[in-house]
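Enquirer: Attaching a single structure in C-alpha cells format; questions to follow.
What follows draws every value from the coordinates through simple rules; no lab data is involved. Computed from a prediction, not measured in an experiment: that's the story for all the values here. No Cβ is skipped: glycine too gets one built from the backbone with ideal geometry, and neighbour counts run over all protein chains shown.
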Amino acid sequence: ILVDADAQGSARDWRAATDQETVAVVGMDRPTLDKDLKILNPAGNRWIIIDGAGRSEPMTASAIRAADVVIIPVHPSPYDIWAANDIVELVKSRQTVTDGKPKAAFLISKMVKRARLTGEMNEALAEFGIPVFEACTTQRQSYPTAAAQGLTPSDTEPDGEAAKEIRAIVQELHTFIKS
C-alpha cells in the first residue's frame, strides 16, 4: 500500500494516470496518520510506504510516529541538505523515546554523476549522524516519463538504468531493515 500523506497528492495523481493494476494508493493527509494506519493495517503484516509531506511538520511527525523505517530523500543541493535538518530532528526526537526507532537513512535522489557537489553532499549528510544509502537515483528522463504514464521505470524499461537503480535501492533497503 502506498499512502499519499501530502496534500499535494502527487502519488494519487501518479496512480490516476494509469488503468493498470499497480499498487493501491490511499490518501491520508491529516496529522492523525499514525492512528489511521493502525485501522488500515490492524495486523501490521503489510508493507506500507508513506509518501510524506516535505515541510508539513505535523504530518511529518505523524508519519515518523507510524514508521518503522524513515528514508529521507535529498537532492544534491544545499537547500535540501539544510531542509533535512528539520526531519532529522523529528526522527532523533522520536528515537529518544522509542529505543532508537524508527531506523533512518538518507537516500540521494537525482544525483548528477561526477559532480563536485556529490562528494561535498556525502560529507554534509554524514554530519547528521544518519547513514546515507550507497544506492541512489540519478537524473534520468526515465523517471518522469514513467510517472506521466502512472508507471515506474521497472514497468517501462525493466532492463534500463533507472530500473537497476531502483532494484539497488530496494536491495539496500532490505539489508538496512535487517541490520
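Enquirer: Taking H placed 1.01 Å from N in the peptide plane, check which residues at least 5 places from Ile50 or on another chain put their amide H under 5 Å from its amide H.
Expert: Those lying under 5 Å, H to H, from Ile50 are Val3.
Enquirer: With θ set to phi - 60°, apply the Karplus curve 6.51 cos²θ - 1.76 cosθ + 1.60 along the stretch 12-19 and write out the HN-Hα couplings as whole Hz, x wherever there is a Gly or Pro.
Expert: Listing the rounded values in order: 5, 5, 4, 5, 5, 7, 9, 9 Hz.
Enquirer: Check which residues have an amide H placed less than 5 Å from Ile72's amide H, if you skip close sequence neighbours.
Expert: Here the answer is Ala105, Phe106, Leu107, since their amide H atoms fall under 5 Å of that of Ile72.
Enquirer: Right, something else. Output the peptides 20-30, 65-75, 146-156 sorted from most to least packed, where packing is the average of other Cβ atoms within 10 Å over each peptide's residues. List each step's numbers first, then the result.
Expert: Details: 20-30: 13.7, 65-75: 18.5, 146-156: 16.9.
Listed from highest to lowest mean packing, they are 65-75, 146-156, 20-30.
Enquirer: Of Lys35/Lys101; Lys103/Lys178; Lys92/Lys164, which sit over 21 Å apart, Cα to Cα?
Expert: Details: Lys35/Lys101 17 Å; Lys103/Lys178 11 Å; Lys92/Lys164 31 Å.
The answer is Lys92/Lys164.
Enquirer: With charges set only on the Cβ (+1 for Lys and Arg, -1 for Asp and Glu), what does the dipole of the stretch 21-118 come to about its Cα centre, in debye to the nearest 20?
Expert: Its charge dipole is roughly 340 debye.
Enquirer: Here's another thing I want to ask about it. Given charges of +1 on the Cβ of Lys and Arg and -1 on the Cβ of Asp and Glu, with all other atoms neutral, how large is the dipole of the chain about its Cα centre, in debye to the nearest 20?
Expert: Charge dipole of the chain: 300 debye, to the nearest 20.
Enquirer: Now, a different point. Sort the following peptides by mean Cβ neighbour count (other Cβ atoms within 10 Å, averaged over residues), highest first: 1-10, 119-128.
Expert: 1-10, 119-128
Enquirer: Ok, one more. How large is the charge dipole for the stretch 67-158, taken about the Cα centre, if only the Cβ atoms of Lys, Arg (+1) and Asp, Glu (-1) carry charge, to the nearest 20 debye? If you can, show how the numbers build up before the last one.
Expert: Working: 9 positive and 11 negative charges, 31 e Å.
My answer is approximately 140 debye.
Enquirer: Tell me, Kirkwood radius of the chain from alpha-carbon pair distances, in Å? Present the calculation step by step, with values, prior to reporting the outcome.
Expert: Details: mean 1/r = 0.0580 Å⁻¹.
Kirkwood hydrodynamic radius for the chain: 17.2 Å.
Enquirer: Another question, then. Say the dipole of the stretch 60-161 comes from +1 at the beta carbon of Lys and Arg and -1 at that of Asp and Glu; which of Ile72, Val91, Asn122 then lies farthest toward its positive end?
Expert: Positive-end residue among those listed: Val91.
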